[in-house]
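Structure, as structure tokens:
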Amino acid sequence: MNATLERWTTRRAFILAVTGAAVGLGNIWRFPYITGENGGAAFLVLYIAFVLLLGLPVMMAEILVGRAGRRAPMQSLGYLAGQAGASRHWRWLGLFGAFTVFCILSFYSVVSGWSIEFLITAVNGDFVGRSAAEIGAGFDAFLADPRRLTFNHTLFLVMTMTVVAAGVAKGLERLNNLLMPLLYLLLVLLAIYAATTDGFVPALAWLFKPDLSVITPLVVMHAMGHAFFTLAVGACALMAYGAYMPEHQSLPRAAGAVAVLDVSVALLAGIAIFSVVFSQGMDPGEGPGLMFVTLPVAFAELPWGALWLSIFFLLLLLATWTSSINLAEPMVATLQGLGLGRGKASAVVGIAVWLLGLLSVLSFSNLAEWRPLFGMNVFELVTTIPTEVFLPVGGLLIACFAAWVMPQQESRAALGVSESGFLLWRTVVRWISIPLAAVVLAAGLL
Ligand code: PFF
């Protein structure tokens with residue numbers, strides 16, 4: 001690939017493509033359950049602080065590198081390092097990113113498969129009239145059935161890798177961009193409905209009245225990891241998108257727009273989900289099943305509930321589909337860089353991810369008690385370590401590369417801002433983002 005790469009034709013198209021990568025399971029599934037497990041509002045405050053001080057500046061750094069390199073991540077890093085007279089070993093950061101997304105996609109596909117199952121159940125009207133306890137029991141029975149989980153995981157991965165192999169991601173993104181406002185609207189509708197329930201006021205208190213005593217180094221690390229995960233930063237996946245960014249677009253503005261959209265989707269989902277939790281006397285720390293149990297309950301109480309719920313899962317599936325394409329892309333690009341054709345590269349990635357995903361599937365049944373590391377089973381490991389350690393480490397190194405290694409003119413041109421804007425960004429990255437990430441990682445891990 002070289003400077004003749006096709007560019008996104010409009011600024012809006014770039015913002016929407018990055019939003020497509022950012023908005024997914026992280027906002028609607030992971031945000032509520034991780035916030036629930038980590039004490040509510042205090043976690044939310046930390047997460048928003050990390051989005052502002054770390055996620056956003058590092059997102060700019062990541063896209064900037066892709067935009068300056070105009071190549072696939074590994075090649076961009078190697079090329080720019082060469083130009084700056086730095087070690088070409090920087091390119092291995094691209095490979096590390098590919099490994100990170102490999103681990104993430106393995107569980108992302110399994111959980112997106114749960115959405116397929118729920119979509120079908122919703123279309124059949126099988127949630128109608130069922131209590132939260134019944135839906136919870138149905139979900140547990142589903143998780144305990146590896147064949148059903150495997151079927152859905154396989155289906156979702158085939159959907160993803162087919163789009164990647166055929167190189168039609170842009171078409172799907174366009175569809176997603178058309179439908180994402182609808183997902184947003186449905187969440188607004190749900191939040192409005194939530195305001196009429198008994199659980200609304202306790203939900204707001206849970207989300208917005210921080211109890212600082214729950215904060216520990218681990219909680220801080222969870223919040224930092226989630227900021228990276230939700231913005232899709234730290235795995236060089238957005239770097240790949242930066243390569244297509246139009247010439248005269250302000251990167252900070254684009255990144256800011258994505259962050260606002262991304263955080264607001266999470267907040268809306270949080271308000272809707274916690275209102276159900278408190279209306280039904282459920283446990284906010286319920287874990288990964290939280291969204292799957294609460295939303296069918298919430299929708300069931302709305303007129304035309306089964307229809308809304310079906311539409312919701314359909315839109316969620318579309319959102320996770322575009323995110324998973326973004327997750328698969330760096331791996332396929334890396335293999336292509338090693339000389340493999342696009343079809344073959346997609347097949348290799350698909351099979352490898354599928355196999356690792358099987359271990360996540362079995363973590364709810366046969367391998368539930370197999371805890372190879374840190375007392376966690378495979379699902380717990382792949383949902384925690386890549387997000388909370390690999391993404392921040394990757395982001396930290398990308399930030400070092402953009403703010404310390406690249407020549408100033410080069411990074412300033414790629415950021416597309418005035419001199420003072422550039423200096424502000426570089427000061428924040430050098431003296432806030434990088435030390436902050438390093439300290440949080442050290443405190444969490446040691
Ligand atoms: N941002 C996506 C979500 O919130 O669901 C997940 C994600 C996509 C993480 C791409 C990392 C990534 F590189």
Practice problem: Starting from the stretch 12-24, take each residue that is closer than 24 Å to Val111 by Cα and assigned to a helix (DSSP H, G or I) and list its partners that are open to solvent by less than 10 Å² (accessible area, probe 1.4 Å) and modelled with pLDDT of 85 or more, counting only C-beta distances under 6 angstrom and pairs at least six apart or across chains. | Solution: Val18/Val258; Thr19/Val258; Gly20/Thr322; Ala21/Ser323; Ala21/Asn326; Ala22/Leu231; Ala22/Val258; Ala22/Asp262
Exercise. For the stretch 88-127, name all the residues that are touching a Gly at 6+ places or on another chain (Cβ under 6 Å), of a type in the set (Gly, Ala, Ser) and more than 18 Å from Leu381 (Cβ to Cβ).
Key: Gly97
Self-check item: Candidate set: the stretch 338-349, residues that are within 20 Å of Trp92 (Cβ to Cβ) and touching a residue at least 12 places away in the same chain (Cβ under 8 Å); chosen: the one most open to solvent (accessible area, probe 1.4 Å)
Solution: Val348
Quiz prompt | Selection count where residues are modelled with pLDDT of 85 or more and outside any helix (DSSP H, G or I), scope the stretch 154-198 | solution = 3
Self-check item: Filter pass, Leu396 being surrounded by 19 or more Cβ atoms within 10 Å (Cβ to Cβ) and assigned to a helix (DSSP H, G or I)
Solution: yes
Exercise. Determine which single condition Gly55 fails, assuming it passes every other condition in (1) open to solvent by less than 10 Å² (accessible area, probe 1.4 Å); (2) away from the ligand (no atom under 12 Å from the Cβ); (3) at pLDDT 95 or above.
Key: (2)
Self-check item: Yes/no for Trp370 being farther than 19 Å from Ala98 by Cβ and among the aromatic types (Phe, Trp, Tyr)
Solution: yes
Quiz item: Where in the stretch 199-252 are there helices (runs of 4 or more DSSP H), lying fully within it, with 3 or more residues that are open to solvent by less than 10 Å² (accessible area, probe 1.4 Å) and touching a residue at least 40 places away in the same chain (Cβ under 8 Å)?
Solution: 217-231, 237-242
Quiz item: Is the stretch 25-38 home to any residue that is in a loop (DSSP other than H, G, I, E, B), at pLDDT 90 or above and near the ligand (Cβ under 10 Å from one of its atoms)?
Solution: no
Self-check item: From the options Ala413, Ala438, Ala402, Ala442, residue that is under 24 Å from Ala240 (Cα atoms), part of a helix (DSSP H, G or I), open to solvent by less than 70 Å² (accessible area, probe 1.4 Å) and small (Gly, Ala, Ser)
Solution: Ala402
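This table checks each residue for (1) farther than 30 Å from Phe96 by Cα; (2) within 16 Å of the ligand (Cβ to nearest atom); (3) surrounded by fewer than 23 Cβ atoms within 10 Å (Cβ to Cβ).
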site	(1), (2), (3)
Val277	yes, no, no
Glu286	yes, no, yes
Leu314	yes, no, yes
Gln336	no, no, yes
Trp354	no, no, yes
Gly357	no, yes, no
Asn366	yes, no, yes
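In the set Ile116, Ile135, Ile120, Ile104, which member is of a type in the set (A, V, I, L, M, F, W, C), without any contact (Cβ under 8 Å) to a residue 40 or more places away in the chain and in a helix (DSSP H, G or I)?
Ile120
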Exercise. Kindly provide the set of residues from the stretch 316-331 that are aliphatic (A, V, I, L, M) and open to solvent by less than 10 Å² (accessible area, probe 1.4 Å), ordered by number.
Key: Leu316, Ala319, Ile325, Ala328
Quiz prompt | Candidate set: the stretch 79-104, residues that are within 16 Å of the ligand (Cβ to nearest atom), of a type outside the set (A, V, I, L, M) and surrounded by 23 or more Cβ atoms within 10 Å (Cβ to Cβ); chosen: the one nearest to Ala352 (Cα to Cα) | solution = Thr100
Quiz prompt | When residues of the stretch 253-269 are limited to those that are open to solvent by 40 Å² or more (accessible area, probe 1.4 Å) and more than 14 Å from the ligand (Cβ to nearest atom), the one farthest from Ile34 (Cα to Cα) | solution = Arg253
Exercise. Please give the number of the condition Pro330 fails out of (1) out of contact with any Cys (no Cβ under 7 Å at 6 or more places or on another chain); (2) within 16 Å of the ligand (Cβ to nearest atom).
Key: (1)
Self-check item: Subset of the stretch 298-312 (residues that are surrounded by fewer than 23 Cβ atoms within 10 Å (Cβ to Cβ) and either within 25 Å of the chain's Cα centre (by Cα) or not in a helix (DSSP H, G or I) (or both))
Solution: Glu301, Leu302, Pro303, Trp304, Trp308, Ser310, Ile311
Practice problem: Output the number of the condition that Ala72 fails; it satisfies all remaining conditions of (1) under 29 Å from Ser411 (Cα atoms); (2) open to solvent by 40 Å² or more (accessible area, probe 1.4 Å); (3) not acidic (Asp, Glu). | Solution: (2)
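Yes/no per residue for (1) modelled with pLDDT under 95; (2) open to solvent by 10 Å² or more (accessible area, probe 1.4 Å); (3) within 18 Å of Met291 (Cβ to Cβ); (4) of a type outside the set (A, V, I, L, M):
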{"position": "Ser106", "(1), (2), (3), (4)": "no, no, no, yes"}
{"position": "Val111", "(1), (2), (3), (4)": "no, no, yes, no"}
{"position": "Gly129", "(1), (2), (3), (4)": "yes, yes, no, yes"}
{"position": "Arg147", "(1), (2), (3), (4)": "no, yes, no, yes"}
{"position": "Asn152", "(1), (2), (3), (4)": "no, no, yes, yes"}
Exercise. Select from the stretch 421-435 the residues that are touching a helix residue (DSSP H, G or I) at 6+ places or on another chain (Cβ under 6 Å) and closer than 27 Å to Phe374 by Cα and list them in ascending order.
Key: Ile434
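The values are calculated or read from the model by the stated rules, or taken from the named source; none is laboratory data. Not measured: the values here are computed from a predicted model. Positions of Cβ are generated from backbone atoms using ideal geometry, with glycine treated the same way; all protein chains shown enter the neighbour counts. Note: accessible area is taken over every heavy atom of the protein model, side chains too, but ligands, DNA and RNA are not part of it. Shrake-Rupley method; radii C 1.70, N 1.55, O 1.52, S 1.80 Å.
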